[in-house]
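Colleague: Quick one: the structure is below, and I'll ask about it shortly.
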């Protein structure tokens, strides 16, 4: 009995095992790609974020754009307060946060990076507030992406708690009619 209770507690704490995917909607499970990734997000020991600096794609001599050269650089990471981290985690893991019928339809212009750390493992979520797309990555490789339109204002409100003076975020919030 004690052993069984210990194993159940350990499984719940780590967010792994048979129960890990059972309480997640199928689409959210697909967005994060694996029960391991879901477990990292659920049980993160640390959550941090940064604003991304866009490095535009280079123009080739013939005038075409070399999209492979486009990238985003991290700025300084900020530890996300526990209450905000929990709210962001809950939004990310809620099936109702997404419009599963569309992925945005354009090249995302990523602006924010959110990282969930559990030990040496990290799941990264990059946000574009123009097309409302979140890209989920692990070990630098994109796992999947989704349109977060239904919860865009909620995500924005949480990120404004981390970056209250950021002008681009404030501009998006103002356009959305959110109080500043």
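Since every read-out is calculated from the coordinates, none of them should be taken as a lab result. This is a predicted model, so every value here is computed, not measured.
Colleague: Taking all pairs of distinct Cα atoms, average 1/r, flip it, and tell me the Kirkwood hydrodynamic radius of region 25-175 in Å to one decimal place.
Modeller: 15.9 Å
Colleague: Can you give me the C-alpha center-to-center distance between region 110-180 and region 45-92, rounded to a whole angstrom?
Modeller: Region 110-180 and region 45-92 have Cα centres separated by 9 Å.
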